[in-house]
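Single-structure report; data block below.
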Amino acid sequence: MSAPHLASVLFPMPVPEPFDYEIPAGMDIGKGTLVRAPLGTRSMHGVVWDVRAKTDADENRKLKAVKEVLDVPPLPVGVLEFVDFVARYCCHLQGVVLRMVLSSPDALCPSPTHTTYRPGDQTCIKMTEARQRVFAATHKGHFNAAELARAANVSPGVIKTLADAGGLIADEQSVDRPFTQPHPAREGLTLTPIQRDAAHELIALTRQDAFAPALLDGVTGSGKTEVYFDAIADVLRKDPKAQVLVLLPEIALTQDVLARFETRFGAPPAEWHSERTKMQRRRVWREVANGRARIVVGARSALFLPFADLRLIVVDEEHDSSYKQEDGVLYHARDMAVARAKFSKAAIILASATPSLETMRNARAGRYAHVCLPARPGAAVLPPISTIDLREHPPEAGCWLSPPLIHAMAQTLSKQEQCLLFLNRRGYAPLTICRKCGERMKAPDSATYLVEHRYSGRLVCHLTGYSIPKPKHCPACGTADSLHPVGPGVERLYEEVTGLFPEQNVEIFSSDTTKHADDVRALIARMETGKIDILIGTQMAAKGHNFPGLTLVGVVDADMGLHGADLRAGERTYQTLAQVAGRAGRADKPGRAILQTHQPDHEAILALCSGQRETFIEAELSLREDMGFPPFGRLAALIFSAATEHDAQAAAQAFAAVAPLVEGVDVWGPSEPPLNRVRGRWRRRLLLRAEPHIDLSAMISAWRTRVKLHRNVRVKVDIDPYSFL
Ligand code: ADP
């Protein structure tokens, strides 16, 4: 076979496919090689998607040549296949998906270097106390001059003099230092027999060296993390090149979780999430690509990192709806993680106390191994969950806590134990209304109500971040001081709680009070050490945390998620409430959870209180099956947006008019969604439901080519939608 002469190069930009280039003689290029090639008047970096010999048809093409090969390890074929799959499945441009892989452009250039110092010939210098401190400090790490001077508590001049005299030797080092390698042989906690069996099952799967999916289904606090730590340790021990990716919902990526990894493996994992700086991202990207970052803990975008040898993926809290990316390429990280594992022939563990119905069905059908942890270890027991019927025990006017819940809180506090009140609403009040004319304060450019934030004195749109100072006069009728808050947010609840329990320390845990990782860490530490008596939390407080002194969880509005025409409303309510209830009684003191509700007979609430998860899952699954909804059928949404309502409607209608008439596919709409305007653009939706065997993605891609849309109209394809707004 003749040597390949042509390379198809895919660029990380909005292009649907790779472009062909000549390969200059002697250039070593294969699939996955990162190269620089001319594009228009510029030269761009891209990835070789394929190489082939020239055919006769190529002879007359005027092709440009690849310019250079970048000094970065080639992307493994599994990564290329994954990009192709995501682009096809999510109906998005291949180049845009590649951009998610090449997410740190800096990592493609050589890392900057800096000068570090190590001890040289100490016989040629006169030793002083300060100089001794410098030599001692060189053994603590690779420091540059300023760092070394700081570490030794000397002036920078001392370092310079020592270096000039040969007492210190200067080395040029990449600023991207390698990560400390984890120690998989370190012992973890002693597992209980049930945990040990679960860990063995997972380890057996990871040792197959093939695609092997498992659901790790364990009640809150049952030790799922400890168990998957054992599986990770085994993978790393068996193969010195193996890499592991652990995905967490962004919100759960707190320092205490990362600290658990460090305790277990003796080294911090590589972190990948939105709070990382450009420099940190470059370092992680490069270390992942060259195989030296062995444990990566990240949010959903970590799936697109260029692992050299990915052997295991863990998706923790796999049911979490924040795994669905709702901007740009719309993908579900859990589902794409399964695909990623397939293309990398790796094992994947989906862990949850409240698995999604999709995963549950796969486990029941035997497609995923089902590994169970039915109880908490040691003295910790699952908290009983009970309800307070708000129709029988209404709170006082203008208040949100019913007398029985207040009583339970008082009991808990009298024992020096802690309470968590869960209310998933940021700010003071979700709605502001004029008492005179009934005007509701809305965002000017979106179909949303403005939420009052009393601490900042502003009305805020939670969708776009738009905000204004709270006006003194109603903008509609001009009446002064007539704007009135309606409904509770965590700030308003705080007012009520501090009024009821003035002696106690009360704090709010929401994205407004903990803007940075440091704030979260400090708040968690205050809660763990008992400095907080009552914590009022949004969903940030609901998952992942272990607060040993927390024994009462009160859910202020258990019905909140049950409203609205969302097919997952019951499932999601069940999951959220089970998670938040699971924060109680995680150590030796027994806990309990109390739900305030107007619907104590709702299936989700009944299932929570009786602990009959299987009955609930059964009922939900059979409902979904009757409707042909996921996981028994497939859904996709087309979302049109335009500057005018007329254009959005016309575009949706033009699409609907040429909808494919395929047996087993229903097309519903166009409909006006509840969010009919966002950032000034009007919106319309089409919803498709299809039998499970139908390739909805291919159908939609073909359909899109049949309609020519006006430049100003945008259409987004949402395969497997989770939001119907
Ligand atoms: P999950 O991930 O299922 O919520 P975790 O792994 O976070 O559970 O465990 C809950 C708590 O119980 C943690 O503080 C953990 O360290 C502790 N724990 C779990 N298993 C054991 C064990 N075998 N021995 C001692 N403590 C354990």
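Here are the numbers:
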{"item": "Identity of the residue in the range 485-511, open to solvent by less than 30 Å² (accessible area, probe 1.4 Å) and small (Gly, Ala, Ser), that ends up farthest from the chain's Cα centre (by Cα)", "result": "487"}
{"item": "Condition check for residue 498: hydroxyl-bearing (Ser, Thr, Tyr) and assigned to a loop (DSSP other than H, G, I, E, B)", "result": "no"}
{"item": "The lone exception for residue 204 - which of (1) within 12 Å of the ligand (Cβ to nearest atom); (2) under 20 Å from residue 349 (Cα atoms); (3) free of Cβ contacts under 8 Å to residues at least 12 places away in the same chain it fails", "result": "(1)"}
{"item": "Residue in the range 312-323 that is outside any loop (DSSP other than H, G, I, E, B), buried (at least 24 other Cβ atoms within 10 Å of the Cβ), more than 16 Å from the ligand (Cβ to nearest atom) and over 16 Å from the mean Cα position of the chain (by Cα) present", "result": "yes"}
{"item": "Residue that is within 15 Å of the ligand (Cβ to nearest atom) and either assigned to a loop (DSSP other than H, G, I, E, B) or over 15 Å from residue 423 (Cβ atoms) (or both), where the choices are 604, 584", "result": "584"}
{"item": "Odd one out for residue 663, checked against (1) within 22 Å of residue 87 (Cα to Cα); (2) open to solvent by 50 Å² or more (accessible area, probe 1.4 Å)", "result": "(1)"}
{"item": "Qualifying residue in the range 122-130 (condition: within 16 Å of the ligand (Cβ to nearest atom) and in a loop (DSSP other than H, G, I, E, B))", "result": "no"}
{"item": "All positions within the range 260-291 that are without any contact (Cβ under 8 Å) to a residue 12 or more places away in the chain and within 23 Å of residue 233 (Cα to Cα)", "result": "262, 263"}
{"item": "Matching option when the condition is touching a Phe, Trp or Tyr at 6+ places or on another chain (Cβ under 9 Å) and surrounded by fewer than 18 Cβ atoms within 10 Å (Cβ to Cβ), among 211, 229", "result": "211"}
{"item": "Check on residue 604, out of contact with any His (no Cβ under 6 Å at 6 or more places or on another chain), without any contact (Cβ under 8 Å) to a residue 24 or more places away in the chain and of a type outside the set (D, E, K, R)", "result": "no"}
{"item": "Helices (runs of 4 or more DSSP H) fully within the range 332-428 counting 2 or more residues that are over 30 Å from residue 717 (Cβ atoms) and either among the β-branched types (Val, Ile, Thr) or open to solvent by 20 Å² or more (accessible area, probe 1.4 Å) (or both)", "result": "403-414"}
{"item": "Residue count for the range 114-131, restricted to those that are modelled with pLDDT of 85 or more and touching a Leu at 6+ places or on another chain (Cβ under 9 Å)", "result": "6"}
{"item": "Enumeration of residues in the range 666-711 that are open to solvent by 60 Å² or more (accessible area, probe 1.4 Å) and within 19 Å of residue 630 (Cβ to Cβ)", "result": "668, 691, 692, 693, 695"}
{"item": "Criterion: open to solvent by 40 Å² or more (accessible area, probe 1.4 Å), within 13 Å of the ligand (Cβ to nearest atom) and free of Cβ contacts under 8 Å to residues at least 12 places away in the same chain - qualifying residue of 240, 193", "result": "193"}
{"item": "Options 108, 98, 93, 102: the member that is within 44 Å of the chain's Cα centre (by Cα), within 30 Å of residue 330 (Cβ to Cβ), touching a residue at least 40 places away in the same chain (Cβ under 8 Å) and open to solvent by 50 Å² or more (accessible area, probe 1.4 Å)", "result": "93"}
{"item": "Qualifying residue in the range 478-487 (condition: outside any strand (DSSP E or B) and touching a Gly at 6+ places or on another chain (Cβ under 9 Å))", "result": "no"}
{"item": "Among (1) modelled with pLDDT of 95 or more; (2) farther than 29 Å from residue 575 by Cβ; (3) open to solvent by 50 Å² or more (accessible area, probe 1.4 Å); (4) not basic (Lys, Arg) - the single one residue 234 does not satisfy", "result": "(3)"}
{"item": "Residues located in the range 380-411, provided they are over 30 Å from residue 206 (Cβ atoms) and either among the β-branched types (Val, Ile, Thr) or touching a Lys or Arg at 6+ places or on another chain (Cβ under 9 Å) (or both)", "result": "381, 383, 384, 385, 386, 387, 388, 400, 406, 408"}
{"item": "Looking only at the range 243-277, and only at residues there that are of a type in the set (Lys, Arg) and within 13 Å of the ligand (Cβ to nearest atom), the one that is nearest to residue 103 (Cα to Cα)", "result": "260"}
{"item": "Filter result for the condition that a residue is at pLDDT below 90, out of contact with any helix residue (DSSP H, G or I) (no Cβ under 7 Å at 6 or more places or on another chain) and open to solvent by less than 60 Å² (accessible area, probe 1.4 Å), over 479, 514, 464", "result": "464"}
{"item": "Close pairs from the range 516-539: first not assigned by TED's automatic domain parsing to the domain that holds residue 556, partner assigned to a loop (DSSP other than H, G, I, E, B) and open to solvent by 30 Å² or more (accessible area, probe 1.4 Å), Cβ under 7 Å, at least 6 apart", "result": "none"}
{"item": "Some residue of the range 596-603 being more than 24 Å from the chain's Cα centre (by Cα), crowded, with 21+ Cβ neighbours inside 10 Å, more than 27 Å from residue 496 (Cβ to Cβ) and at pLDDT 90 or above", "result": "no"}
{"item": "All positions within the range 178-190 that are touching a residue at least 60 places away in the same chain (Cβ under 8 Å) and either within 12 Å of the ligand (Cβ to nearest atom) or within 26 Å of the chain's Cα centre (by Cα) (or both)", "result": "178, 179, 180, 181, 182, 184, 188"}
{"item": "Qualifying residue in the range 21-29 (condition: under 25 Å from residue 104 (Cβ atoms) and surrounded by 16 or more Cβ atoms within 10 Å (Cβ to Cβ))", "result": "yes"}
{"item": "Cβ pairs under 9 Å, 6+ apart, first in the range 366-377 and within 12 Å of residue 351 (Cβ to Cβ), second open to solvent by 50 Å² or more (accessible area, probe 1.4 Å) and within 12 Å of the ligand (Cβ to nearest atom)", "result": "372/194; 373/194"}
{"item": "Subset of the range 207-236 [among the charged types (D, E, K, R) and away from the ligand (no atom under 16 Å from the Cβ)]", "result": "207, 209, 234"}
{"item": "Residue, farthest from the ligand (Cβ to nearest atom), within the range 383-417, restricted to residues that are under 26 Å from residue 222 (Cα atoms) and touching a Ser or Thr at 6+ places or on another chain (Cβ under 7 Å)", "result": "387"}
{"item": "Positions within the range 517-538 being part of a loop (DSSP other than H, G, I, E, B) and surrounded by 22 or more Cβ atoms within 10 Å (Cβ to Cβ), in sequence order", "result": "532"}
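The values are calculated or read from the model by the stated rules, or taken from the named source; none is laboratory data. What you see is a predicted model; the values in this text were computed from it and never measured. Neighbour counts are summed over all protein chains in view; Cβ atoms, including those assigned to glycine, are modelled from backbone coordinates with ideal geometry. Accessible surface is based on the protein model in full, side chains and every heavy atom, while ligands, DNA and RNA are left aside. Shrake-Rupley method; radii C 1.70, N 1.55, O 1.52, S 1.80 Å.
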